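Accompanying notes for the structure given below.
The values are calculated or read from the model by the stated rules, or taken from the named source; none is laboratory data. Note that the structure is predicted; figures quoted are calculated from it, not measured. Note: ideal-geometry Cβ built from the backbone for every residue, glycine included; neighbour counts use all protein chains shown. Just so you know, the surface numbers come from the protein's heavy atoms only, side chains and all, with ligands and any DNA or RNA stripped out. Shrake-Rupley method; radii C 1.70, N 1.55, O 1.52, S 1.80 Å.
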Amino acid sequence: MAKHLDPTAILPYGESFDFWEKEQVYDRELHVCGKCGNDETGDGSLEAPFKTINRAAAIATAGTRVLIHAGEYRECVRAAHGGEGPERMVSYEAAGDGEVVIKASEVATGFERSLEFSLGFRMHDDDEVEKEEPIIWEHTLDGDMFHGYNPFGLINALHDKSWLHYSRTERESNLAPFFLRRGMVYVDGKPLRQVELYSHLSKEPGTYWVEEHGLKVHFRMPDNGSPEGHLIEVSCREQCFTTAKPFLSYIKVKGLTMMQAANGAPDPQVGALSCNRGHHWIIEDNIIRYSNTVGIDIGSGSWAYKRALEQQVGYAVLRRNQIYDSGVAGVLGLSACYTLVEDNLIARTGWQRMEYGWESGALKFHNCVDSLFRRNVFRETYGCEGLWLDCNSVNARVTQNLFLNMLCPHGMILMECNRLGELLIDNNIFWNAKLYYDYNAPDKGNGTINIDSSEWNEPFAMHVPVGDAIYGLGNDDLRVVNNLICNTDGYGYAQDVVRGRMAGGRGGTSRNSTVVNNVFYDCRSGAIRLPNHDNTFDGNYYSRMPQGFLVLAYPAPSAQLDLKAWQRFENMDLNGGYAAFKLTIDDEALTMTLRTDKPRCTWDKRETVGYSSMKKVAPDAEVTTDYFGNVIEGDRMPGPFDITEDDVTFSIDPRKL
């Protein structure tokens with residue numbers, strides 16, 4: 001691996017992440033201008049630009065920079081050629097004269113009142129409907145705009161449905177999103193919500209329904225009014241940017257906005273922006289909005305694809321992107337090795353609620369080797385994880401990230417069945433992991449789960465309750481260092497054993513993990529829950545904990561310990577302690593406020609130290625930096641940063657923009 005001086009880039013095995021980028025050399029520029037270009041007479045010069053990006057993409061070869069001028073482009077860009085190496089790439093860039101928007105949709109015109117279908121079909125007495133008769137419109141889709149791919153005629157679930165686990169999904173509502181159509185309807189740039197039946201349009205405005213043949217949509221405006229005078233768009237393309245054939249590599253995509261992709265649920269993994277199994281891509285400074293399922297895909301793309309042993313996979317750089325409102329996942333990577341993900345914002349992921357496909361998350365990678373995830377903001381997930389590394393991931397580092405406001409079925413970070421070597425989670429902030437299910441709510445078929453059902457069988461042995469910050473499912477050799485873990489409905493750190501699937505690197509014993517020098521604050525189920533003793537804890541501090549906040553589930557009966565019992569009987573956290581402080585986060589400004597807490601620790605009246613007065617602890621040998629990337633020498637405070645006073649407000653946005 002290449003040597004690098006940045007200590008935040010040192011991976012668990014002691015060497016730097018392999019930064020392969022070099023200064024690129026371009027000997028040709030092609031210009032694209034949707035407003036004044038011409039694909040027939042233009043030559044791609046600044047004076048005679050092309051009109052469409054695809055015209056340039058057809059001839060752009062190694063050493064070509066395609067400069068795209070401001071405007072709206074309704075096309076799926078398919079790069080025909082890749083580059084030849086780090087210095088001779090093909091680049092697609094915004095020209096810098098305004099926003100470049102690539103939309104996978106077309107403008108819809110021509111609307112009539114919808115009168116053919118009954119609003120009483122399959123409605124029940126207890127269904128909540130609006131008292132006034134709704135105003136419903138219909139639009140006949142133009143079949144010519146689909147070019148062989150009609151997302152309104154296709155369900156969300158793709159070819160491989162084996163991951164849906166029908167036997168475990170005992171509520172119809174859990175499977176419903178997979179059988180909705182991929183096509184979406186937008187009003188003034190915002191999506192309407194799809195419903196299963198025509199009659200469900202009577203329940204709320206801002207909804208739409210698709211006829212069986214996929215050529216007509218019925219919808220209600222958000223204000224229950226008329227579509228006239230509004231921009232109505234319908235998605236008609238699967239992607240915004242990909243390649244004409246797989247395996248094209250050394251491609252850069254920079255500064256583009258991509259919207260409204262009508263892709264389907266993984267597997268395979270098909271993003272609005274797709275590397276299409278190519279390697280050595282640089283994806284930076286882009287904005288991706290309103291993908292029906294996936295924002296970006298990198299890596300192998302599908303378990304079903306053949307791959308030669310010598311074929312390279314991964315080596316992607318994802319930097320300073322903003323990914324909003326992806327229905328299933330912000331970034332997916334299968335065998336996405338040697339990948340750098342830094343300074344990105346991924347927000348509002350998972351609104352499709354397809355967590356039972358098990359391929360959801362703000363970011364989910366399989367077989368992730370020698371990779372670095374740093375200075376990202378993962379926030380607002382709905383029924384999916386923040387960052388999920390699944391199966392055979394090793395020597396990857398997750399550092400300086402902010403995880404904020406997540407409804408997660410397992411955890412803000414999920415480490416699943418990785419037992420081939422170490423993974424490092426250090427200097428991150430976790431705030432507001434919400435309880436995934438309301439077990440006390442009456443069963444109305446709304447997605448609550450019977451905890452005595454097969455849902456809780458192996459290999460997905462989810463515990464009760466969920467809503468953890470860091471969750472290991474059959475994960476060995478995890479290293480959790482100097483994190484701030486706070487405001488969780490579940491546990492701050494929890495592990496479960498996966499007894500099955502031990503062949504081929506799957507499964508795991510949840511042993512040999514090291515959890516040191518973290519600060520746990522207001523974890524309402526508890527700070528730690530473990531299946532066994534065979535892990536190492538030291539230097540951790542705890543604040544605002546419930547009784548028995550340290551849980552050992554095995555051997556039975558489970559033990560719920562306080563810090564004194566944890567130290568005495570388990571020989572854990574001998575250098576740990578309690579602290580008393582009040583912590584709040586402004587999730588809009590991304591600032592944190594730390595203040596003294598006069599009541600102190602209600603479970604231990606003897607403890608009076610605030611955050612800044614916590615005893616310094618011996619540093620972990622693998623972590624020499626803090627949340628802000630500063631090098632810390634000698635003993636250091638627990639948690640991700642040094643605080644010298646207890647009444648302070650500071651920025652926690654980790655990104656370098």
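Counting Lys +1, Arg +1, Asp -1, Glu -1, what net charge surrounds H230 among other residues with beta carbon under 12 Å of its beta carbon?
Local charge sum for H230: -3.
Just the number, please: Stokes-Einstein D of the range 175-262 in µm²/s, Kirkwood Rh from C-alpha pairs, 25 °C, 0.890 mPa s.
It diffuses with D of about 163 µm²/s by this estimate.
Which pairs break 32 Å Cα to Cα here: K22/K190; K203/K582; K103/K203?
Result: K22/K190; K203/K582 exceed 32 Å.
Summing +1 for each Lys or Arg and -1 for each Asp or Glu, what net charge is found among the other residues whose Cβ lies under 14 Å from the Cβ of I283?
-3
When you count, for each residue, the other Cβ atoms within 10 Å and take the mean per peptide, how do 39-52, 317-330, 338-351 rank with the highest first?
Output ranking for 39-52, 317-330, 338-351: 317-330, 338-351, 39-52.
Amide H neighbours of C368 under 5 Å, counting only residues 5+ apart in sequence or on other chains, H built in-plane at 1.01 Å?
D390, S393, V394
Treat every Asp and Glu Cβ in the chain as -1 and every Lys and Arg Cβ as +1, leave all other atoms uncharged, and give the resulting dipole magnitude about the Cα centre to the nearest 20 debye.
1020 debye
How large is ³J(HN,Hα) for each residue in the range 397-411, as worked out from phi by the Karplus curve 6.51 cos²θ - 1.76 cosθ + 1.60 (θ = phi - 60°), to whole Hz, x for Gly and Pro?
10, 10, 9, 6, 9, 10, 10, 9, 6, 10, 9, 10, x, 10, x
Sum -39500 (n - 2.57) across every DSSP H segment of at least 4 residues in the chain, then divide by the residue count to get the 222 nm mean residue ellipticity, nearest 500.
One gets -500 deg cm²/dmol as the mean residue ellipticity at 222 nm.
Have a look at the DSSP beta bridges in the chain and tell me what percent are antiparallel, nearest 5.
Of the beta bridges lying entirely in the chain, close to 20 percent run antiparallel.
Need one number for the range 533-576: average projected area of the convex hull over its C-alpha atoms, nm².
Taking the Cα atoms of the range 533-576, their convex hull projects to 3.0 nm² on average.
Show me 144-154, 357-367, 543-553 ranked by packing, highest mean number of other Cβ atoms within 10 Å first.
Top of the packing list down: 357-367, 543-553, 144-154.
What does the net charge come to around C36 if you take all other residues with beta carbon closer than 11 Å to its beta carbon, with K and R at +1 and D and E at -1?
Residues near C36 contribute +1 overall.
Using the Karplus curve 6.51 cos²θ - 1.76 cosθ + 1.60 with θ = phi - 60°, work out ³J(HN,Hα) for each residue of the range 235-245 in order, rounded to whole Hz, and write x for Gly and Pro.
6, 9, 10, 6, 9, 9, 8, 7, 10, 6, 8
Could you sort 565-574, 75-84, 383-392 so that the peptide with the highest average Cβ count within 10 Å comes first and the rest follow in order?
Sorting 565-574, 75-84, 383-392 by mean packing, highest first, produces 383-392, 75-84, 565-574.
Express as a percent, rounded to the nearest 5, the fraction of DSSP beta bridges in the range 208-360 (both residues included) that run antiparallel.
So the antiparallel bridges in the range 208-360 amount to around 10 percent.
Treat every Asp and Glu Cβ in the range 230-374 as -1 and every Lys and Arg Cβ as +1, leave all other atoms uncharged, and give the resulting dipole magnitude about the Cα centre to the nearest 20 debye.
180 debye
Would you mind working out the accessible area per residue for the chain, using a 1.4 Å probe, and quoting it in Å²?
Each residue of the chain exposes 38 Å² on average to a 1.4 Å probe.
Using a cut-off of 17 Å between alpha-carbon atoms, which aspartates and glutamates can reach K656, once sequence neighbours fewer than 8 places away in the same chain are excluded?
Output for K656: D6, E284, D285, E342, D343, D626.
Counting only C-alpha contacts under 8 Å and six or more residues apart, can you give the relative contact order of the chain as a whole percent?
Over the chain, the number comes to 8 percent.
Give the percent of DSSP beta bridges with both residues in the range 50-122 that are antiparallel, rounded to the nearest 5.
10 percent
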